[in-house]
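**Student:** Here it is, the structure, as structure tokens.
The values are calculated or read from the model by the stated rules, or taken from the named source; none is laboratory data. Given the structure is predicted, the values throughout are model-derived calculations rather than measurements. Every residue, glycine as well, gets a Cβ built from its backbone with ideal geometry; the counts of neighbours run over all protein chains shown.
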Amino acid sequence: MSRPPPIARIALSTTVLASVLAFSASVADAEEESQRTYGIGYRAGNGMGLAGIDATARWIPHVAVDLQLAYVADSATDVTAHGFGVAPMIQGDWRSAGHSPYVGVGYLYKYEWAHGNGQGNSGFFFNVGYKLRFSSGISLLLGIGANHMGDKYQGLDNTFFTSTHGWNFNWEAGLQYFF
């Protein structure tokens, strides 16, 4: 049985460790009491894989503007394509501070290349989920939803992979620090 790639093990380990630390905090004083404005951290999902970073701004109560950047890789047959992805999103939170359900909608763009050929693909996504925001500034996010990517694409040499297209199941998980 093959082992998962190193980035997947790192992402899983980080998420598990953050979850254990967050849930071991005292419930009475753990929840964020006032809204913090800026957050940075780790983000996985949204059709872009496990290796992502994230920046969030909460300038208006109940609204967050989020930007996810990620390393992406897709494989088909014996070809692996590598590239980057960008996913700006607007999130609406039920509560402006503390633990809260949320809904988010955003745009996806992925650019991948293999054998010297590259191509971009774009789409959109929406998610619903829950944020755990603690008084320490730590925030955990977990959501599910759907994304829609544009038509299939392939490289100029016709050996390039085909990306997921049409409607797909979507998930996201994140660990951020807000200040």
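**Student:** Looking at ALA97, ALA30, ALA55, can you tell me which residue is of a type in the set (A, V, I, L, M, F, W, C) and at pLDDT 95 or above? So that I can check it myself, show each step before the final result.
**Tutor:** Values: ALA97 fails: at pLDDT 95 or above; ALA30 fails: at pLDDT 95 or above.
Answer to the selection: ALA55.
**Student:** In region 37-57, how many are free of Cβ contacts under 8 Å to residues at least 60 places away in the same chain and part of a strand (DSSP E or B)? Steps first, please.
**Tutor:** Step one: list which residues in region 37-57 are free of Cβ contacts under 8 Å to residues at least 60 places away in the same chain, which gives 49-53, 55, 57.
Right, trim to part of a strand (DSSP E or B) and you get 51-53, 55, 57.
Residues flagged as free of Cβ contacts under 8 Å to residues at least 60 places away in the same chain and part of a strand (DSSP E or B) within region 37-57 amount to 5.
**Student:** Looking at region 52-78, which of the residues that are of a type outside the set (Val, Ile, Thr) and crowded, with 20+ Cβ neighbours inside 10 Å is farthest from LYS110 (Cα to Cα)?
**Tutor:** From region 52-78, those of a type outside the set (Val, Ile, Thr) are 52, 54-55, 57-59, 61-62, 64, 66-71, 73-76, 78; that's our starting set.
Of the ones still in play, those that are also crowded, with 20+ Cβ neighbours inside 10 Å are 52, 54, 58, 64, 66, 68, 70.
Details: GLY52: 13, ASP54: 16, ARG58: 25, ALA64: 22, ASP66: 17, GLN68: 12, ALA70: 9 Å.
Checked region 52-78; the qualifying residue farthest from LYS110 (Cα to Cα) is ARG58.
**Student:** Select from region 135-163 the residues that are buried (at least 19 other Cβ atoms within 10 Å of the Cβ) and either assigned to a strand (DSSP E or B) or at pLDDT 95 or above (or both) and list them in ascending order.
**Tutor:** Answer for region 135-163, where residues must be buried (at least 19 other Cβ atoms within 10 Å of the Cβ) and either assigned to a strand (DSSP E or B) or at pLDDT 95 or above (or both): ILE138, SER139, LEU140, LEU141, GLY143, GLY145, ASN147, MET149.
**Student:** So which residues in region 79-92 are modelled with pLDDT of 85 or more and either out of contact with any strand residue (DSSP E or B) (no Cβ under 7 Å at 6 or more places or on another chain) or crowded, with 21+ Cβ neighbours inside 10 Å (or both), if there are any at all?
**Tutor:** Listed by number, the residues that qualify are GLY85, ALA87, MET89, GLN91.
**Student:** Return only the number of the condition from (1) in contact (Cβ under 8 Å) with a residue 24 or more places away in the chain; (2) over 21 Å from SER135 (Cβ atoms) that LEU67 does not satisfy.
**Tutor:** (1)
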